[in-house]
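Engineer: Attaching a single structure in structure tokens format; questions to follow.
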Amino acid sequence: MPRNLDDRRDFSATGEPAAKRSSKEKPSPLTGARKARLPDLLKPQLATLVDRVPDGAWSYEIKFDGYRIMARIDQGEVRLITRNGHDWTHKLPGQVQALAALGLESAWLDGEMVVADDQGVPDFQALQNAFEAQHSDGILYYLFDLPYLNGVDLREVPVEERRAALATVLKANDQPLLRFSESFGEEPQALFDSACRMRMEGLIGKRVGSPYVSRRSSDWIKLKCQHRQEFVIVGFTEPKGSRHAFGALLLGLHDRDSGELRYAGKVGTGFNEATLRSLHEQLKPLQVKKPSVVNPPGGAEARDVHWLKPKLLAEVAFAEMTRDGSVRHAVFHGLRDDKPAHDITEERANTVKTSTAKKTAATQKKPDPAPSQIGLEAGQVRITHPDRVIDPDSGTTKLQLAQYYASVAEWILPELKDRPVALVRAPDGIAGELFFQKNAEHLAIPGIVTLDKQLTGQPMMLINNAEALIGAVQMSTVELHTWNATSVNFDKPDRFVLDLDPDPALPWKRMIEATELTLSVLDELGLKAFLKTSGGKGIHVVVPLTRKLGWDEVKDFSHAIVSHMARLLPERFSAVSGPKNRVGRIFIDYLRNGLGATTICAYAVRTREGLPVSMPIFRQEVAELKGGNQWNLHNALERLAEVGDEPWADLRKTRQAITAEMRRRVGMKK
């Protein structure tokens with residue numbers, strides 16, 4: 001590991017010094033590269049905070065303490081874009097000139113703007129001072145990824161190949177402002193310990209084989225040497241003693257669930273005289289009479305406080321966060337203006353999910369493809385019109401939808417396995433006409449299984465592999481709906497589903513209460529249930545069964561449960577479908593339990609604004625839920641990195657049957 005940022009050589013991703021590689025050596029074609037026009041905008045891939053070094057094949061780089069900047073090059077014109085989409089080209093003329101000198105036809109490069117201190121360690125406050133003083137000639141641009149180059153989209157190329165290509169691009173670079181961010185071969189924990197001893201911010205880990213995705217991903221992780229993140233500045237105190245300008249900054253964070261801005265403590269150290277004066281000038285115009293936080297401090301802590309509009313962000317290091325959400329031993333490191341204030345929440349460390357499956361000696365030699373490569377590698381499925389926007393609200397493209405389904409293949413394929421599936425297709429996006437399709441005819445989906453209609457009198461198709469899953473997306477599928485029976489025995493369901501469908505005017509807390517009441521009834525009957533969000537306005541209660549009864553018997557029993565609840569609490573529940581029958585109430589839909597009826601599959605995307613996802617949840621989470629659409633295509637993977645398949649881990653192990661006593665207790669005659 002280098003002693004500082006300048007103590008480096010030009011190493012490629014293979015670890016070989018670039019200068020020693022033969023000039024006659026022909027580059028091998030990049031896996032997953034495809035010709036495509038230069039995107040107008042490209043959001044950066046973001047790393048997930050983790051609390052320990054994960055298992056598996058990872059490469060590690062220094063975590064820079066700077067500003068994340070994407071560079072777009074088009075026929076010699078260079079633009080520098082912050083992660084928040086602001087154009088900073090005018091602020092960094094030297095770096096623009098250096099990038100133009102690379103002579104690239106077109107490119108998107110990803111990196112971090114950094115200023116090093118006298119010991120060669122990144123200094124964020126020095127970086128901020130350089131911008132404020134318009135002295136950008138000392139700012140170094142450390143480049144670590146290359147999502148696009150010379151008419152070729154590299155986002156699906158494995159990270160190690162993209163970085164090798166970037167190293168090649170920078171090999172002939174003689175511009176001192178451009179640097180390649182090395183990866184290091186040392187043991188990760190030793191590398192992390194060394195980084196912390198050198199006062200670096202930490203490490204960035206990248207899963208070998210992973211693609212580039214424009215969102216936060218568990219394929220990129222960050223290990224921090226200390227607690228450090230951005231806070232919203234919500235106020236300041238009067239100075240005391242010999243200090244000028246102000247005493248301390250009051251901090252705030254947005255609640256992850258409610259979005260409320262909450263008080264998060266103070267920071268009163270880390271300022272010098274110049275910073276105090278400069279910052280005070282920026283604070284004064286933002287003063288307001290009332291606090292913007294929902295839980296302002298009281299008593300002596302609120303004395304001499306000047307409240308502010310929540311506009312400015314502070315980068316703060318701290319020892320710990322108390323149970324009530326306040327920082328302890330906080331130190332100010334600088335202002336940030338590359339992120340929006342409304343996005344700032346507490347960063348929580350996750351554990352990266354790694355496979356425990358045994359591998360043969362042959363497979364151990366080659367790293368497993370990242371989850372987002374499953375079904376997309378080796379040209380198995382080609383996504384046409386990848387840039388077609390399927391959701392105008394979020395700007396999500398067809399390729400992003402395919403990448404999502406590839407990423408969740410390990411979770412969704414067990415839910416699809418051997419279950420007849422119906423597709424909701426959106427050829428013109430979710431705002432256009434939608435097609436509900438149970439028949440695979442005319443779809444040309446590779447790997448899909450079609451079954452003889454004579455088996456059940458219903459058209460049936462099965463999606464049992466990643467190729468068919470991604471092939472369905474290629475044919476404009478967004479939603480996947482499944483039967484309550486599998487090919488083991490199509491005549492006997494292995495579950496029933498109660499779909500809690502509310503009057504849209506009802507507050508969400510009524511849905512929480514309804515879910516808890518439904519679970520209580522099932523508990524009384526002795527039936528174990530599992531939950532998932534609908535991806536819409538409701539909750540799905542899934543009750544696994546042994547395969548003993550036919551469709552009609554299972555449907556009649558689910559209907560009896562619903563009727564029983566409607567009799568007990570007629571002001572809350574309806575057993576009759578239709579909008580007029582659920583005014584002020586929740587209709588518990590049992591109709592999904594008949595032959596040929598379907599329910600949205602767990603982990604599947606919905607054709608609604610924002611592309612919400614139907615997500616399995618723990619029973620203990622119900623009271624904390626904020627809506628049936630809490631997770632969507634863009635944040636579902638963060639959830640899965642945190643909990644994996646744990647909410648439904650016992651579903652397939654559950655053995656239970658509908659008994660005569662259960663029927664009697666819900667009012668059935670037999």
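Engineer: Using only DSSP helix segments of four residues or longer, with each worth -39500 (n - 2.57), what per-residue ellipticity at 222 nm results for the chain after dividing by its residue count and rounding to 500?
Structural biologist: Value at 222 nm, helices only, nearest 500: -6000 deg cm²/dmol.
Engineer: Quick check on the chain: of the DSSP beta bridges with both residues there, what percent are antiparallel, nearest 5%?
Structural biologist: 90 percent
Engineer: Give me the net charge of Glu61's neighbourhood, meaning all other residues with Cβ under 11 Å from the Cβ of Glu61; Lys, Arg count +1, Asp, Glu -1.
Structural biologist: Charge balance near Glu61 sits at +1.
Engineer: Still on this structure: Take the chain, compute every pairwise Cα distance, and split them into 10 Å bins from 0; I just need the percent in each bin.
Structural biologist: In whole percents, the pair-distance histogram is 3, 13, 22, 23, 19, 13, 6, 2, 0.
Engineer: Along the charge dipole of the chain, which of Thr515, Ala101, Asn632 sits closest to the positive end, that is, farthest toward it, with unit charges on the beta carbon of Lys, Arg, Asp and Glu (+1, +1, -1, -1)?
Structural biologist: Sorting the options by dipole projection puts first Thr515.
Engineer: What do you get for trypsin sites (Lys or Arg not before Pro) in the range 277-326 restricted to DSSP loop and a cutoff of at most 13 other Cβ within 10 Å of the site's Cβ?
Structural biologist: Answer in residue order: Lys289, Arg303, Arg323.
Engineer: Okay, next question. For Arg664, Arg547, Arg585, which order do you get if you count the other beta carbons within 10 Å of each Cβ and list the fewest first?
Structural biologist: With the fewest neighbours first, Arg664, Arg547, Arg585 line up as Arg664, Arg547, Arg585.
Engineer: Let me ask something else. Could the peptides 405-415, 157-167 be put in order, highest first, of the mean number of other beta-carbon atoms found within 10 Å of their residues?
Structural biologist: The peptides rank, most packed first, as 157-167, 405-415.
Engineer: By how many nm would the segment from Lys626 to Arg567 grow when fully extended, if each residue of separation counts as 0.36 nm and the alpha-carbon distance is taken off?
Structural biologist: Residue separation times 0.36 nm, minus the Cα-Cα distance, leaves 18.4 nm.
Engineer: Work out the length of the dipole vector of the range 369-482 about its Cα centre, built from +1 on the beta-carbon of each Lys and Arg and -1 on the beta-carbon of each Asp and Glu, and round it to the nearest 20 debye.
Structural biologist: Charge dipole, the range 369-482, about its Cα centre: 200 debye, nearest 20.
Engineer: Nothing charged except the Cβ atoms of Lys and Arg (+1) and of Asp and Glu (-1): what's the magnitude of the dipole of the chain about its Cα centre? Round to the nearest 20 debye.
Structural biologist: 1620 debye
Engineer: If you split all Cα-Cα distances of the range 432-551 into 5 Å bins from zero, what percentages do you get per bin, shortest first?
Structural biologist: Whole-percent P(r) values from 0 Å outward: 2, 9, 16, 15, 16, 16, 13, 9, 4, 0.
Engineer: Have a look at the DSSP beta bridges in the range 246-343 and tell me what percent are antiparallel, nearest 5.
Structural biologist: 100 percent
Engineer: Would you be so kind as to identify which of Leu549, Tyr590, Leu525 lies farthest towards the positive end of the dipole of the range 495-665, taking Lys and Arg as +1 and Asp and Glu as -1 on Cβ and the Cα centre as origin?
Structural biologist: Most positive-ward Cα: Leu549.
Engineer: Past the 25 Å Cα-Cα mark, which pairs from Lys289/Lys509; Lys532/Lys669; Lys555/Lys653; Lys492/Lys528; Lys43/Lys63?
Structural biologist: Lys289/Lys509; Lys532/Lys669
Engineer: Compare the Cα positions of Leu140, Pro296, Pro285 along the charge dipole of the chain (+1 at Cβ of Lys, Arg; -1 at Cβ of Asp, Glu; about the Cα centre) and return the one farthest towards the positive end.
Structural biologist: Pro296
Engineer: Let me ask something else about it. Strictly under 4.7 angstrom between C-beta atoms: which cysteines of the chain have no such partner?
Structural biologist: Cys601
Engineer: I would also like to ask the following. List the aspartates and glutamates whose alpha-carbon lies under 16 Å from that of Lys266, not counting same-chain residues fewer than 8 positions away?
Structural biologist: Glu230, Glu238, Glu301, Asp304, Glu315, Glu320, Asp324, Glu346
Engineer: Let me ask something additional. Just want to confirm a number: the relative contact order over the chain, from Cα pairs under 8 angstrom separated by 6+ residues, in percent.
Structural biologist: 11 percent
Engineer: Measure off 7 Å from each Cα along the Cα-to-Cβ vector at Asp387 and Ala657, then give the distance between these two points in nanometres to one decimal.
Structural biologist: 6.0 nm
Engineer: What full-extension length gain, to one decimal in nm, is calculated for Asp556 and Asp74 as 0.36 nm per residue of separation minus the Cα-Cα distance?
Structural biologist: 167.1 nm
Engineer: Could you work out the Rg to Rh ratio of the range 619-670, with Rh taken as the Kirkwood radius (inverse of the mean 1/r over all Cα pairs)?
Structural biologist: Rg/Rh: 1.19.
Engineer: Same structure again: Take the alpha-carbon centre of the range 489-532, take the same for the range 263-330, and report the distance between them in whole Å.
Structural biologist: Each part's Cα centre sits 45 Å from the other's.
Values quoted throughout were computed directly from the atomic coordinates according to the rules given, and no laboratory measurement underlies them. In this text, all values refer to a predicted model and were calculated from it rather than measured experimentally. So basically every Cβ, Gly included, is an ideal-geometry build from the backbone, and we count neighbours across all protein chains shown.
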